[in-house]
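The values are calculated or read from the model by the stated rules, or taken from the named source; none is laboratory data. Fair warning: this is a prediction, and the values are worked out from it, not measured in the lab. Note that each Cβ is placed from the backbone with ideal geometry, even for glycine, and that neighbours are counted across all protein chains shown. When the accessible area is computed, the model is the full protein with side chains, heavy atoms only, and any ligands, DNA or RNA have been set aside. Shrake-Rupley method; radii C 1.70, N 1.55, O 1.52, S 1.80 Å.
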Amino acid sequence: MSEPSKFLKLLDDYLSSYMTCSIGASPNTIISYKYAFRLLIEFMFSKKDIPADKISFEQLDYYTLMAFFDWIEKERSCSASTKNQRLSAILSFSEYAQNRDFEAASIFRSSVIKIPMKKAQKKQRAVFSVQEIKILLQLPDNAKETGLRDKVLLSLMYASGARSQEICDLTVGNIQFNPKGATINIKGKGSKTRRIGIPDACSTILQNYIAHRRIESKPDRHVFSSQTHEQMTVSCIEGIFKKYVNVAKKENPSLFGEDSYPPHSMRHSTASHMLEAGVPIVVIKNFLGHASLQTTQIYAELSQNTVDKHLKVSIPF
């Protein structure tokens, strides 16, 4: 086996087998990592005149890799955080490659670990106040099919704190209704499943919506569909959020002060409001499906900022 084919073979094994089967990486993470290597291969061809099937580990030395990261920053206009994501992908692969072929990949690995992460500007997390949540949930028009869907979707995202992809993947069979609400099995990052409860108010409109769609006896059907696909996509949810936030901003100029509110803002809001309502942070960690309590601690900072503005809050469900 020639040296160039070792690089491509190990890269293919890493992306197609190791990430999906061994570590259970999320589809979004796999897409991000694949794009990082697509950029590296493009750089090697356009700047070094080396085609993909001729790339070897030895060619990926410290100076070449530094030139690559300089290229994606200046010519591809990558932000510091995006540049760090690309470096994380290559760093992870370098460890995998070295563990499987030390002789071939040791130079590559030793070069990658010398490259420092770039200091990125701290990302501001947008959080809705309880008042803003109430306004947002009242905007969809229940008389319209898409309006009814959007109201249930926004309500469920707030009640569950679920990620956009988790909402897209939700099927009828994942939900068990009971007199006090509903229990939902959510498949999260790394294919980890968590079981959470949602309150009666949200449970009722969710159950009514499923009955309205006549899919209550079809466990494999997705709860939320777009106008063109049976399963909704994350980009569709992003469009829904953008639509209603824009309306909310126009109708309430003194509120919704952040520049943008991506769908993940709802998850941030759920966690912050739970913390403000006195829910223990360990409970919030399990509810959100965080692997580390340190991740959940971020909401303590967000919550304090909200408390400074609003002395007393309560969850509207």
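Report, in order of residue number, the helices in the chain meeting two criteria: a C-alpha extent of 24 Å or more along the helix axis, and a mean Kyte-Doolittle hydropathy of at least -1.0; treat each whole DSSP H run as one helix.
The answer, listed by residue number, is 27-48, 80-100, 234-251, 293-309.
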Handout entry: J(HN,Hα) series, the range 178-189, from Karplus relation 6.51 cos²θ - 1.76 cosθ + 1.60, nearest Hz, glycine and proline x
Key = 9, x, 9, x, 8, 10, 10, 8, 10, 8, x, 4
Exercise for the section: Sort the range 8-145 into rounded, prolate or oblate with this rule: let a ≥ b ≥ c be the square roots of the eigenvalues of the Cα gyration tensor; rounded if a/c is under 1.5, and if a/c is not under 1.5, prolate when a/b is larger than b/c, oblate otherwise. Expected result: prolate
Fill in the blank from the handout: So, over other residues within a Cβ distance under 14 Å of Ile72, counting Lys, Arg +1 and Asp, Glu -1, the net charge is +3
Problem - For the range 74-125, the Rg and Dmax computed from alpha carbons only, in angstrom - result: 13.5, 44
Problem - Cβ crowding within 10 Å averaged over residues, with 128-137, 38-47, 253-262 ranked highest first - result: 128-137, 38-47, 253-262
Problem - Highest-MSF residue in the chain out of Arg213, Arg76, Arg221 [GNM, Cα springs under 10 Å] - result: Arg76
Practice task
Measure off 7 Å from each Cα along the Cα-to-Cβ vector at Ser260 and Val279, then give the distance between these two points in nanometres to one decimal.
Solution key: 2.7
Problem - Simple spin-label estimate for Glu95 and Arg194 in nanometres, 7 Å along Cα-Cβ - result: 2.3
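What does the charge count around His264 come to, taking other residues whose C-beta lies under 9 Å from its C-beta (Lys +1, Arg +1, Asp -1, Glu -1)?
Around His264, the surrounding residues sum to +3.
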Exercise for the section: Just the number, please: Stokes-Einstein D of the range 100-223 in µm²/s, Kirkwood Rh from C-alpha pairs, 20 °C, 1.002 mPa s. Expected result: 122
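Roughly what percent of Cα-Cα pairs across the range 153-306 reach past 24 Å?
So the portion of pairs separated by more than 24 Å is 36 percent.
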Handout entry: Isotropically averaged projected area of the range 12-80, using the convex hull of Cα atoms (one quarter of hull area), nm²
Key = 5.3
Problem - Solvent exposure of the chain as accessible area per residue, Å², 1.4 Å probe - result: 53
Exercise for the section: Give the cross-link partners of Lys47 among the lysines, using a straight C-alpha distance below 21 Å as the criterion and excluding same-chain residues fewer than 8 apart. Expected result: Lys34, Lys74, Lys83
Problem - Separation in nanometres of the label points that stand 7 Å from Cα toward Cβ, at Arg38 and Lys187 - result: 2.4
Completion exercise
the chain, convex hull of Cα, quarter of hull surface, nm² -> 19.2
Problem - Under 16 Å from the Phe45 label point (7 Å along Cα→beta-carbon), backbone N, the range 54-70 - result: 54-56
Practice task
Tally up the carbon and sulfur contribution to the accessible surface of the range 41-200 as a whole percent, 1.4 Å probe, everything protein left in place.
Solution key: 48
Fill in the blank from the handout: Net charge near Ala291 (other residues with Cβ under 10 Å of its Cβ; Lys, Arg +1; Asp, Glu -1) is +3
Handout entry: Extended-chain gain in nm, criterion 0.36 nm per residue less alpha-carbon gap, Val234 and Val172
Key = 20.5 nm
